[in-house]
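The values are calculated or read from the model by the stated rules, or taken from the named source; none is laboratory data. Predicted, not measured: the structure shown is a model, and the values here were computed from it. All Cβ positions, glycine included, derive from the backbone under ideal geometry; neighbour counts span all protein chains shown. The protein model used for the area step is the full one, side chains on, heavy atoms only, and it has no ligands, DNA or RNA in it. Shrake-Rupley method; radii C 1.70, N 1.55, O 1.52, S 1.80 Å.
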Amino acid sequence: MKHLKYFSIVICLCFSISIKAQYDYLNAKRNVIPGGYDFWVYTPEDYFYTQEQTPCIIFLHGASLCGKDLNRSRRYGPLHAIVKGREIPALVVVPQNPGGAWNPRKINDVLEWTKKNYLMDSTRVYVIGMSLGGYGTMDFAGTYPEKVAAAMALCGGCSLKDQTGLGELPLWIIHGTADRAVSVRHSQTVVEGLKAKGLDKRLRYDWWKGASHGALARVLYMKKTYDWLFSHSTVDKDREVNRLTDIRQTDLKSAYDDMIRDYADPEVVDD
């Protein structure tokens, strides 16, 4: 009986792995938007089971991942976190910037393409980015605040001349004081400007003492990061910011602790 029970467990595990391999996969989207960004779309398993509209996370990478090799954009961030075992129940869209500043219009083109081609919940679109991607996050959210349920900008800044749009949505800015690549002043200037205009009602910000530029990449692997994003919707009354979910600098040490499974890469479909 013990052998039979063990055999049944093995069969169930194999079936589970087979299902995951079948339904958790990446689509590489190249040249689908004329003059636009190439990008990845990760589709979670539940998307296929329920056929319900699914939240969407747009991740904007830093300068080190710019280029024309789309695989570079998977070296860190949500897609890499998924491979390491983090379950993210959302469409994860990762454009690749070929170089230079992120273009809000081109990011929006990727979002609109995804809306047309996937069952996506347009009231639960989230943007998160780091470094150059932190700039891209604030530039995009400030340009299209009505489309973004919540945004998180890590060690970035904002290049928009008119930043008032950033006051219209829940926004969390995090920057390390020991960042030598992008000075914390880049983020502090944004916060000071929003405060001066009385536009900080939906704003959260943290300056992590002694944290380096690269240290903040761990935020992209934390469950609490995605819990915070998912707690917002564009249909929320007054679009209030979640101040209950807390991410502290001390959490960096345990960012990977609950990711006990190391999956192989999701199946890649190269369009």
Requested in this report: Give Arg86, Arg105, Arg124 a once-over and let me know the one that is of a type in the set (D, E, K, R), in a loop (DSSP other than H, G, I, E, B) and either at pLDDT 95 or above or farther than 15 Å from Asp38 by Cα (or both).
Outcome: Arg86
**Report entry** Close pairs (6 angstrom Cβ cut-off, 6 or more residues apart or separate chains): among the small types (Gly, Ala, Ser) in the stretch 126-141, open to solvent by less than 10 Å² (accessible area, probe 1.4 Å) and assigned to a strand (DSSP E or B) anywhere
**Finding:** Gly129/Leu60; Gly133/Leu60; Gly134/Ala153; Gly134/Leu154; Gly136/Leu60; Gly136/Gly129; Ala141/Val127; Ala141/Ala151
Query raised in the report: Would the stretch 92-100 turn up any residue that is part of a strand (DSSP E or B) and either loosely packed, with under 15 Cβ neighbours inside 10 Å or at pLDDT below 95 (or both)?
Result: no
Report summary line: Scanning the stretch 184-206 for residues that are of a type in the set (A, V, I, L, M) and surrounded by 16 or more Cβ atoms within 10 Å (Cβ to Cβ) gives Val184, Val190, Val191, Leu194, Leu199, Leu203
**Report entry** Residue ID - nearest to Asn103 (Cα to Cα), chosen from residues in the stretch 16-75 that are in a loop (DSSP other than H, G, I, E, B), modelled with pLDDT under 95 and open to solvent by less than 50 Å² (accessible area, probe 1.4 Å)
**Finding:** Pro44
Report task. Find all pairs meeting these conditions: Cβ atoms under 8 angstrom apart; at least six residues apart or on different chains; first residue within the stretch 228-249 and closer than 16 Å to Ile128 by Cβ and in a helix (DSSP H, G or I); second residue modelled with pLDDT under 95 and among the hydrophobic types (A, V, I, L, M, F, W, C). Result -> none
Requested in this report: Give the stretch 209-243 a look and list any residue that's open to solvent by 60 Å² or more (accessible area, probe 1.4 Å) and in contact with a helix residue (DSSP H, G or I) (Cβ under 9 Å, 6 or more places away or on another chain), or say none.
Outcome: Lys209, Arg218, Lys224
Query - Check on Ala151, at pLDDT 95 or above and part of a strand (DSSP E or B) - result: yes
Requested in this report: State the number of residues belonging to the stretch 161-183 that are buried (at least 18 other Cβ atoms within 10 Å of the Cβ) and free of Cβ contacts under 8 Å to residues at least 60 places away in the same chain.
Outcome: 9
Requested in this report: Would you check if Gly142 is buried (at least 24 other Cβ atoms within 10 Å of the Cβ), under 29 Å from Asp258 (Cα atoms) and at pLDDT 95 or above?
Outcome: no
